[in-house]
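Here is the structure we will look at, set down as structure tokens.
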Amino acid sequence: MGEFANNSRAIRRAFLDFFASRGHEEVASSSLVPENDPTLLFANAGMNQFKDAFTGKATRHRSRATTAQKCVRAGGKHNDLDNVGRTARHHTFFEMLGNFSFGDYFKEGAITFAHELLTDVFALPIARMVFTIHESDDDAAALWKKISGVPDRQIIRLGDKDNFWAMGETGPCGPCTEIHFHQGDDVPCSEEFAGRKCQGPACDCDRWIEIWNLVFMQFEQREDKSRIALPKPSVDTGMGLERLAAVLGGKRSNYETDLLSPIIAAAAVRAKKTFVPSDYSDGSVSVSLRAIADHARATAFLIADGVFPEKTGREYVLRR
Ligand code: SER
């Protein structure tokens, strides 16, 4: 983990280089304001700018791409606003590292690449990983077993809620497999505080952190609720740079990485307050400092992409 600890720039570069050297075109992040897509308030995933390539409306000269995409999840289907500050891992603004196949490789390629990058390049221990798959996806189960060699207990089947990804009410979608990393059983779990059992990788707590989602794009969700097959099975993946930076730096919180901790430190100095990384209690200064750091990035990047505070739409979200 050495060279990547506290070095998000090196992590981003290593991800893009890994996929570029395996035939992927490195494409720049799109603006946070989606072009020609009235279904989206903000870019919320790396695949947004490739939506038409998945559905077959547009063709690209290369069938593989990789990006580090600016995302804002503060409205619409994917909205993390209310969690910000209260967990170690939620943001309104974050960067999503992704690799994409437009009818090129499918499940085997996606799983092989993910396994190689995480274990060889980033040197993460496979023993601390669990792979969730869609309950119906026997292929994904067999591939994880074959490629990673993990025992069955590290492959968990879950339903649509956890392992079927859709961009929004309409658009490309499909079953997915998520890679979760074990942070430690001593990480607090809100389920346990409430007298219930921690749900492991399916739990909302920070004990297991989802670092990468590999979506096997197979369908297009239509406005009339019908679902049609995509012209070709494709792949859309997304790994949160902030989460990966935390894991590679041996930190239990994204807010302790080089992407966010300097902003927290600056805010704490100005407010004459002390940040306590382990404090997630309601109404605490530390929850507020995390929210300030998150919102400072979101507002800066939104303004840089041409959004200004106003009374409606995305402008109103920025103003809030
Ligand atoms: N689109 C999927 C997600 O956002 C994978 O990138 O999780």
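Quick notes on this structure:
- Taking segment 164-200 as the range and being free of Cβ contacts under 8 Å to residues at least 40 places away in the same chain and open to solvent by less than 20 Å² (accessible area, probe 1.4 Å) as the test, only Cys189 passes.
- Condition met for Lys161 (basic (Lys, Arg), surrounded by fewer than 19 Cβ atoms within 10 Å (Cβ to Cβ) and more than 15 Å from the ligand (Cβ to nearest atom)): no
- Test result for Ser190, away from the ligand (no atom under 15 Å from the Cβ), closer than 27 Å to Lys77 by Cβ, of a type in the set (Ser, Thr, Tyr) and at pLDDT below 95: yes
- Hits in segment 76-96 (condition: more than 16 Å from the chain's Cα centre (by Cα), in contact (Cβ under 8 Å) with a residue 60 or more places away in the chain and on the phi < 0 side of the Ramachandran plot): Arg86
- Failed item in (1) more than 18 Å from the chain's Cα centre (by Cα); (2) away from the ligand (no atom under 16 Å from the Cβ); (3) at pLDDT below 95, with Ile155 passing the rest: (3)
- If you go through segment 20-55 and keep only what is small (Gly, Ala, Ser), surrounded by fewer than 15 Cβ atoms within 10 Å (Cβ to Cβ) and under 19 Å from the mean Cα position of the chain (by Cα), you end up with just Ala28.
- Helices (runs of 4 or more DSSP H) contained entirely in segment 227-306, each with at least 2 residues that are touching a residue at least 40 places away in the same chain (Cβ under 8 Å) and open to solvent by 50 Å² or more (accessible area, probe 1.4 Å): 285-304
- Number of residues in segment 38-59 that are outside any helix (DSSP H, G or I) and within 11 Å of the ligand (Cβ to nearest atom) equals 3.
- Scanning segment 237-263 for residues that are in contact with a Ser or Thr (Cβ under 8 Å, 6 or more places away or on another chain) and within 16 Å of the ligand (Cβ to nearest atom) yields Leu241, Glu242.
- Here Ile133 passes the criteria (1) out of contact with any helix residue (DSSP H, G or I) (no Cβ under 6 Å at 6 or more places or on another chain); (2) under 21 Å from Ser234 (Cα atoms) except the one numbered (1).
- Scanning segment 104-127 for residues that are of a type in the set (A, V, I, L, M, F, W, C), open to solvent by 50 Å² or more (accessible area, probe 1.4 Å) and in contact with a strand residue (DSSP E or B) (Cβ under 7 Å, 6 or more places away or on another chain) yields one hit, Phe106.
- Some residue of segment 80-103 being at pLDDT below 95, within 13 Å of the ligand (Cβ to nearest atom) and open to solvent by 10 Å² or more (accessible area, probe 1.4 Å): yes
- Taking segment 56-67 as the range and being in contact with a helix residue (DSSP H, G or I) (Cβ under 6 Å, 6 or more places away or on another chain) and open to solvent by 20 Å² or more (accessible area, probe 1.4 Å) as the test, the residues that pass are Ala58, Arg60.
- Residue list for segment 97-112, filter: of a type in the set (A, V, I, L, M) and free of Cβ contacts under 8 Å to residues at least 40 places away in the same chain: none
The values are calculated or read from the model by the stated rules, or taken from the named source; none is laboratory data. Since the model is a prediction, treat every value here as computed from it, not as a measurement. FYI the Cβ positions are ideal-geometry reconstructions off the backbone, even for glycines, and counts take in every protein chain you see. Surface accessibility is based on the protein's heavy atoms, side chains included, excluding ligands, DNA and RNA. Shrake-Rupley method; radii C 1.70, N 1.55, O 1.52, S 1.80 Å.
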